[in-house]
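Below is one structure, written out as structure tokens; the observations come after it.
The values are calculated or read from the model by the stated rules, or taken from the named source; none is laboratory data. All values derive from a computational prediction rather than experimental measurement. Quick reminder, even Gly has a Cβ in these numbers, built from the backbone with ideal geometry, and neighbours come from all protein chains shown. We work out accessible area using only protein heavy atoms, side chains counted, and drop any ligands, DNA or RNA first. Shrake-Rupley method; radii C 1.70, N 1.55, O 1.52, S 1.80 Å.
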Amino acid sequence: MTDADPTPAAPESLLASADFPPQSQITKEIQDLHAEYERREAAGEKLPLTMHDFPPYRSSLLRHPTKNPKLVDPETIELHSPAFGQRDVAAIESDLTLQHSGEPLGERITVRGRLLDSWGRPVPNQLIEIWQANSAGRYIHQRDQHPAPLDPNFTGAGRTITDDNGEYLFTTIKPGPYPWKNHQNAWRPAHIHFSVFGSAFTQRIITQMYFPGDPLFALDPIYNSIRRQQDRERLISTYDHDLTVPEFSMAYRWDIVVDGPDATWTEPEGEH
Ligand SMILES: [Fe+2]
């Protein structure tokens, strides 16, 4: 390569191969599939919330579940599985900006919400765990090698227990979008991964929270593998100025509903 050559922003090995489909093709596939699902649903077909065979999500095609979930005896598994109580999780663990000697870079945010059941009742005393990329869109994970900086003051994992009102609160840094090589120049909308442990190990559910107004929503095969628009929108937090901490952090509210018709979408492993 000479000085006159355009220099790729990422090393050659990190760029998607030339035969990867472009975003325009993936977006068209998403739109066509959504239209098809709407037709099938209107014709009376019962469709799952998550479309496991969702070709635009290329990397999932060979690893989505093809068999029904294995039923386990809930009482037997409780003899061997972890259990959590209020005292097992320190209050400081919900603040992802305090885990190192310095302040992490990026936009400091408060994320707050309630864990609710299908009747809208709060679910107290539940372990909620989160993990996320840093403000530059980079995870501390050896498989994430894209050329964005790691932040020595940010690990990107935290946990808390819901209070008597089912409320949780995290202080963290707004994660950046990141490339993920599903197709040519594929970028994930900024998101925070959430795990809700439930009252038993077999109830654990995992999902993602997004931020309002993200321009990548329509382009993202993971977000769009959720069939219905209303289910997709339940994963988007709302900006809430009343929750901001003056001179300190912006704030987003996001409630999680664990079951019933208004349930928050969860990843397929958690589907029953
Ligand atoms: Fe992620």
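Below is a table of values for the structure above.
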{"read-out": "Sequence-distant lysines (8 or more away, or on other chains) whose Cα lies within less than 23 Å of LYS70", "value": "LYS46"}
{"read-out": "MRE, 222 nm, helices only [DSSP H, n ≥ 4, -39500 (n - 2.57), over the chain, to nearest 500]", "value": "-3500 deg cm²/dmol"}
{"read-out": "LEU98, LEU169, LEU62, reordered so the largest accessible area comes first (probe 1.4 Å)", "value": "LEU62, LEU98, LEU169"}
{"read-out": "Intensity falloff of segment 194-272 expressed as log10 I(q)/I(0), Debye formula with alpha-carbon point scatterers, at q = 0.20 Å⁻¹", "value": "-0.96"}
{"read-out": "Sequence of MET250, MET209 when ordered by accessible area, the most exposed leading, probe 1.4 angstrom", "value": "MET250, MET209"}
{"read-out": "Å² per residue, accessible surface of segment 28-136 at 1.4 Å", "value": "66 Å²"}
{"read-out": "Segment 48-191, relative contact order [Cα under 8 Å, separation at least 6], %", "value": "28 percent"}
{"read-out": "The chain, dipole about Cα centre (Lys/Arg Cβ +1, Asp/Glu Cβ -1), debye to the nearest 20", "value": "380 debye"}
{"read-out": "Simple spin-label estimate for VAL72 and ALA218 in nanometres, 7 Å along Cα-Cβ", "value": "4.2 nm"}
{"read-out": "For the chain, Kirkwood radius (reciprocal of mean inverse C-alpha pair distance, Å)", "value": "20.4 Å"}
{"read-out": "Carbon and sulfur %, accessible surface of the chain computed with the full protein complex present, 1.4 Å", "value": "55 percent"}
{"read-out": "In sequence order, calculated HN-Hα J values of segment 211-217 (Karplus, 6.51, -1.76, 1.60; Hz; x Gly/Pro)", "value": "10, x, x, 5, x, 8, 3"}
{"read-out": "Solvent exposure ordering (accessible area, 1.4 Å, most first) of ASP73, ASP19, ASP151", "value": "ASP19, ASP73, ASP151"}
